[in-house]
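Below is one structure, written out as structure tokens; comments come after it.
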Amino acid sequence: MKIINLEKRVGQFVLQIDHLEIEEGCIHGLIGGNGSGKTTLMKLIMGILSPDSGHIEYEGLNMREITMTSQRPYLLHDTVYENIVYPLKIRGTRPDREKIGAYLESCGMAGKERQAARSLSSGEQQKVSMIRALCFHPRFVMIDETLSNLDPDSVEFFEKQILRTREIEGNTWMLISHSLSHIARLCDRVHVFYKGKVVQSGPAREVLFHSEVPEVRHFLRGEILSESAFDRRNE
Amino acid sequence: MKIINLEKRVGQFVLQIDHLEIEEGCIHGLIGGNGSGKTTLMKLIMGILSPDSGHIEYEGLNMREITMTSQRPYLLHDTVYENIVYPLKIRGTRPDREKIGAYLESCGMAGKERQAARSLSSGEQQKVSMIRALCFHPRFVMIDETLSNLDPDSVEFFEKQILRTREIEGNTWMLISHSLSHIARLCDRVHVFYKGKVVQSGPAREVLFHSEVPEVRHFLRGEILSESAFDRRNE
Amino acid sequence: MLKTMIEEIFSDVGVYDAIRVTFRMAVTSTFISAVLGIVLGLALERFSFPGKRVVVRINRTLMGVPPVVVGLIVYMLTMRRGPLGKLELLFTVEGMILAQTIIITPIICGMIYTYGNKTAPAVRVFAKTMGAGKLQTNLLILREMKHEIYFAIVSGFGRSISEVGAVMLVGGNIKGHTRTMTTAISLLKSQGIFTEGLTLGILLLVMAFLLQCLADFFQKESKENENY
Amino acid sequence: MLKTMIEEIFSDVGVYDAIRVTFRMAVTSTFISAVLGIVLGLALERFSFPGKRVVVRINRTLMGVPPVVVGLIVYMLTMRRGPLGKLELLFTVEGMILAQTIIITPIICGMIYTYGNKTAPAVRVFAKTMGAGKLQTNLLILREMKHEIYFAIVSGFGRSISEVGAVMLVGGNIKGHTRTMTTAISLLKSQGIFTEGLTLGILLLVMAFLLQCLADFFQKESKENENY
Amino acid sequence: GCGGSEESKEQPATEDAAESEDSQDAQKTDESKEGEEKGQLMMATTTSTADTGLLDYLAPIFQEDTGYELLWDAVGTGEALKMGENGDVDIVLVHAKASEEQFVADGYGVERFPVMYNDFIVVGPTEPVAVTQDIQAVFNQILEEQLPFVSRGDDSGTDKKEKQIWEDLGLDPAADPNYLESGQGMGATLTMADEKQAYCLTDRGTYLKMKKDADVSLGLEIVCEGDANLLNQYGVIAVNPEKYPEVNNEAANAFIEWICSDEIQKLIGEYGVEEYGEALFVPNAGTDA
Ligand SMILES: Nc1ncnc2c1ncn2[C@@H]1O[C@H](COP(=O)(O)OP(=O)(O)OP(=O)(O)O)[C@@H](O)[C@H]1O
Ligand SMILES: Nc1ncnc2c1ncn2[C@@H]1O[C@H](COP(=O)(O)OP(=O)(O)OP(=O)(O)O)[C@@H](O)[C@H]1O
Ligand SMILES: [Mg+2]
Ligand SMILES: [Mg+2]
């Protein structure tokens, strides 16, 4: 996917991206300050917003194969199970009840299939939204902070799932997170946002550990990441 | 504040706390898996839920002096400024326009006073909700994950603010966070939740680094905290 | 049994027929208005266009259109010399349904628009992320607004069974044919037979209540327990 | 100028007085119903008690109470020999306002209850975290529901100006005193003066529209731009 | 009504042949079914004919006799004539002679036939107006003493009559501040007059019916009756088929012929005697009233 000369104004804010390449089959991390435009870019890709100028080249990707989980996931006024199977239902696919049960169990929500989704705790709601996105095998998945606020076991489970599906299906992932350790554990490429612009975009190692861009350096200073731990991650 | 024999059932879930002491003037951290009952406890303290049995001893604390920021903060259909001054207005206090401006600037939201609060990015919304809680000087503040999903600069700013007000006003704080580094940086005492029960409750160092409780050890295994960094925090 | 009892009490106004006509008219016109109102209301919420605010205001003004006026308009349309004269709708239940539909559609449309403003945008965004098509998106919006839609329909139905001005004019209050319970009440009233009119009114309300209990049974308005 | 023009067109039904009476009645009864309806609707939303579902259903049934029936009830209460006969409300605008209030209150109450179900619980939780008192909490709920409340009031007002059944019976359509625009239209209709009735109806709608434009001016229904 | 009567003879015959063994009851049902198939007669009439129950009483007899089903819309005289003018009804039965003649003159109606009359009376409290036959005395007193008076003010037959009387007497009712216009039908106007303890000009039929049937018994008494000025003539007019070919002219003619027949005229003269102690209408078909 290529983003070319994209410009979008919302209120006072302007998102402006001259050129951004989103390689297929990679896990991309978007980082940057609050209000720097990360979610706005995802919405543009998702077609929720339309750009003022410029365009996005989907390169054969069908809009139905793209999905996005939101920072505040929208849950249907229905049970957990109905929420998870919704994207399958509208595709006429038969849901695999057992697999969904297994997913729920793996992230500590065993037996909650029939609970009203909106009565779940907020972390549990995020998990439902993640499982919903995993179940229908989209080719391009955008995760907007849905992995934060989860307990460590669940984070581990979903990270494994993301890596596994990418392996098997070769699909593309795009994550927003303010936890740099998430980003460091998962991403192949990282794109750093600053006030509506992408100030750096490149391989994770380069951006996270060897950046020369002052905004990026300032942003990363908060959390001390260990490059040696990063090296070990693919073992 | 003391919590005595508290029991609350919501749906299938039961929160049961035999005895929990919340020392005044301390920063308390609540950690535990998703759906383990952290938010439910806060709601009980806030009086949003009422216990099925047992009670909470507020020890002279007026309900108007307690506040809580939510995981999904409720923002009025109004500007950022109106949102922040609401608790002041209902107390008949004159808001300090400059101070609010300074707060906003410190967390990267300079000049957004008049923007519609609900049009902010989700991180910015959390900041508004934090500033709103800081501005009216409550004696007991509960922060339910509102510090996650903020950029590093803002996290630093709010952490400093929390420590500073505690110093000056001697008020009590209670934080929920899934980021153990937050907890380690701020909290004096930590309470660990597991399936509706508090499995350990004690000084931060003891719980985070020397716990013997299997559930706590399992929970903490995900993130490797450095005790030496913890030692340095009060310097 | 009940039938004969009712007939005995209100023998001279043709009550049994009136009940039949009332519910036939109310159910049909509510159904048509619900379909039109929901489609128009959602479309109005969905699309932005110049003059939209004026359209919304006109919609809201039409919610208060006097039934007599609608009655007059429909009369003038459906009379033999009128443009729709060929359809022979005057003094028929179909004509009454037409008038009622004109009255109720703006009500349902206005309510759906107002509710939709709060609910639909988020659902639409969600549907997009799920890859739902246009039809599926709209079905999902209906599903997520089901309580509000049910309420709008109940309101429309209430308006429909209670109306008298338009129905009287277009239907003609013809005994056994176009007499409804409300026009029967009007007739009883004009004859000074107040208590019988009142009894008939209460009968109407009781039946509306029972119908609603029935509808509620399928609707299962479970108190949502959201975790804020 | 306009006044004399209008009077000339509709000289024989006393149009100018009818306009005055219509708006006096509609504004007053809508105001009273709004206050009652909002208080009752929010209270119904707030408190749980056994039989609440039935109360909600009764409320919804009463939204469809035929005006003629309300007219009959108020008539029988306020007539000379009725229990409220001493108040001399029959054939007065005050009596009409009473009848209208009975009709409109359930409508506003039902709408506020339905909207409130979606909005109020979250606001109430928030108000608690802010340390707001009971009154402040309720004011905040009103503020957060202002678009919906406005819509409910517009609906009630629309119902109020368009009503004819109850007003005719209780007010008596007395020229210059209790004749409203709708009862005047009815009268014109019964005289076979259809086009004039229609013109008066359109005049009524135009005035309702203008009134709404005025209200909208203060209401500033800015399209919320939420960031989902 | 030639075509119509041919049909009515033909069809029962076929039915009889097919189901000759049917009982008396069944035949009766069949016949009434026949009537429905034969067609409907749509009438616009005034509220008084409906409110007195006369049409409820006559309609089944009409159907039995001619096979047509009689449907009616009871509205104000003005509205009834308007419906005739628009060709939406087949026949009108009203009481406003001048308007009726105009209706015929304008070509909307074929011919006006007088059917029956009842009389107008003035009702009200017997204090201070004394019971009399002199309408002039009553109206004079009302105006002089500014007594409450409820007029229909709806341009109906009754209303026109009342206005006419005031005018004939050279009086202007507007001078009485207690003179009200109710803008409603006779029944509602009577109730209002009762409520307000006011005087009121009404037709006798509605008054008798209200006095007997209304829940709130009328406290109004007759204060003036029998003045030659107070006759209330009903006329029936078929809507002109030349103007509106769609109207059911056969049925209309059948109705006129039927209602003017001696037999039915007699029935009209008897209607109400049993219930109210006096007839509500006096038949006078064939006269030039
Ligand atoms: N109304 C309800 N009906 C049924 N179950 C409920 C309801 N409200 C809460 N629960 C359950 O109560 C449990 C505790 O919820 P709570 O919000 O306290 O969790 P939490 O510890 O704050 O979790 P998180 O870290 O995800 O925010 C959850 O399992 C949730 O599913
Ligand atoms: N409808 C709107 N009106 C005005 N400003 C808007 C609107 N929508 C978004 N914005 C602004 O656009 C900017 C970018 O928002 P966006 O949601 O993309 O941020 P983000 O990078 O996802 O931040 P976060 O980390 O807080 O989620 C924000 O400053 C926000 O205030
Ligand atoms: Mg975002
Ligand atoms: Mg929680």
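The values are calculated or read from the model by the stated rules, or taken from the named source; none is laboratory data. All values derive from a computational prediction rather than experimental measurement. Glycine also receives a Cβ, built like all others from the backbone with ideal geometry; neighbour counts cover every protein chain displayed. Heavy atoms of the whole protein, side chains included, go into the accessibility calculation; ligands, DNA and RNA do not. Shrake-Rupley method; radii C 1.70, N 1.55, O 1.52, S 1.80 Å.
Report yes if C:N227 is within 16 Å of ligand 4 (Cβ to nearest atom) and among the polar types (S, T, N, Q), otherwise no.
For C:N227, the condition - within 16 Å of ligand 4 (Cβ to nearest atom) and among the polar types (S, T, N, Q) - is met.
Check segment A:170-178 and report whether any residue there is in a loop (DSSP other than H, G, I, E, B), within 16 Å of ligand 1 (Cβ to nearest atom), open to solvent by 10 Å² or more (accessible area, probe 1.4 Å) and of a type outside the set (V, I, T).
Within segment A:170-178 (the criterion being in a loop (DSSP other than H, G, I, E, B), within 16 Å of ligand 1 (Cβ to nearest atom), open to solvent by 10 Å² or more (accessible area, probe 1.4 Å) and of a type outside the set (V, I, T)), the answer is no, since none of the residues qualifies.
Please identify the pairs in which a residue from segment A:66-92 that is more than 10 Å from chain C (Cβ to nearest Cβ) has its Cβ atom under 6 Å from the Cβ atom of a residue that is of a type in the set (S, T, Y) and surrounded by fewer than 23 Cβ atoms within 10 Å (Cβ to Cβ), counting only partners at least 6 apart or on another chain.
Matching pairs, first to second residue: A:Q71/B:S122.
Give, as residue ranges, the helices (runs of 4 or more DSSP H) completely inside segment E:172-289 that count at least 1 residues that are surrounded by fewer than 16 Cβ atoms within 10 Å (Cβ to Cβ) and away from every other protein chain (no Cβ under 14 Å).
Helices (runs of 4 or more DSSP H) meeting the threshold: E:249-259, E:262-270, E:273-276.
Within segment A:1-50, count every residue that is more than 16 Å from ligand 3 (Cβ to nearest atom) and either aromatic (F, W, Y) or in contact with a Phe, Trp or Tyr (Cβ under 8 Å, 6 or more places away or on another chain) (or both).
Matching residues across segment A:1-50 total 3.
Are there strands (runs of 3 or more DSSP E) fully within segment E:45-134 with at least 2 residues that are within 13 Å of another protein chain (Cβ to nearest Cβ)? List them.
E:69-75, E:91-94
In segment C:188-214, which residues are surrounded by 24 or more Cβ atoms within 10 Å (Cβ to Cβ), in contact with a Lys or Arg (Cβ under 8 Å, 6 or more places away or on another chain) and either of a type in the set (A, V, I, L, M, F, W, C) or in a helix (DSSP H, G or I) (or both)?
C:G197
Of (1) within 23 Å of B:R164 (Cα to Cα); (2) within 16 Å of ligand 4 (Cβ to nearest atom); (3) in contact with an Asp or Glu (Cβ under 6 Å, 6 or more places away or on another chain), B:H28 satisfies all except one. Which?
With respect to (1) within 23 Å of B:R164 (Cα to Cα); (2) within 16 Å of ligand 4 (Cβ to nearest atom); (3) in contact with an Asp or Glu (Cβ under 6 Å, 6 or more places away or on another chain), B:H28 is out only on (3).
For residues that are among the small types (G, A, S) and touching a Gly at 6+ places or on another chain (Cβ under 7 Å), scanning just segment A:8-59, find the one that is farthest from ligand 1 (Cβ to nearest atom).
Within segment A:8-59, the match that is farthest from ligand 1 (Cβ to nearest atom) is A:G25.
A:G11 passes all but one of (1) surrounded by fewer than 22 Cβ atoms within 10 Å (Cβ to Cβ); (2) modelled with pLDDT of 95 or more; which number fails?
Result: A:G11 fails condition (2) only.
Can you tell me which residues in segment D:120-130 are more than 8 Å from every other protein chain (Cβ to nearest Cβ) and among the aliphatic types (A, V, I, L, M)?
D:A120, D:A127
Which residues, taken from segment A:161-177, are out of contact with any Phe, Trp or Tyr (no Cβ under 9 Å at 6 or more places or on another chain) and within 11 Å of A:L134 (Cβ to Cβ)?
Passing the criteria: A:R164, A:E169.
Any residue in segment A:148-162 that is within 12 Å of A:T69 (Cβ to Cβ) and more than 7 Å from every other protein chain (Cβ to nearest Cβ)?
The answer is yes; a qualifying residue exists.
Return a yes/no flag: does segment E:253-272 have any residue that is at positive phi and not polar (S, T, N, Q).
Within segment E:253-272 (the criterion being at positive phi and not polar (S, T, N, Q)), the answer is yes, since at least one residue qualifies.
Considering each of C:I185, C:I153, C:I161 in turn, give the residue that is of a type outside the set (S, T, Y), at pLDDT 90 or above and open to solvent by 10 Å² or more (accessible area, probe 1.4 Å).
Just a single option satisfies the conditions, and that option is C:I153.
If you take the residues of segment E:101-123 that are over 20 Å from E:A251 (Cβ atoms) and charged (D, E, K, R), which of them is modelled with the lowest pLDDT?
Ranking the candidates gives E:D119 first.
Given the conditions (1) away from ligand 2 (no atom under 16 Å from the Cβ); (2) crowded, with 24+ Cβ neighbours inside 10 Å; (3) more than 11 Å from chain B (Cβ to nearest Cβ), report the number of the one that A:M142 does not fulfil.
(1)
Looking at segment A:89-107, can you tell me whether even one residue there is within 16 Å of ligand 4 (Cβ to nearest atom) and either more than 23 Å from C:R143 (Cα to Cα) or at pLDDT 95 or above (or both)?
Looking through segment A:89-107, at least one residue is within 16 Å of ligand 4 (Cβ to nearest atom) and either more than 23 Å from C:R143 (Cα to Cα) or at pLDDT 95 or above (or both).
Mind checking which residues of segment D:55-76 are in contact with a Pro (Cβ under 6 Å, 6 or more places away or on another chain) and assigned to a helix (DSSP H, G or I)?
D:N59, D:L62
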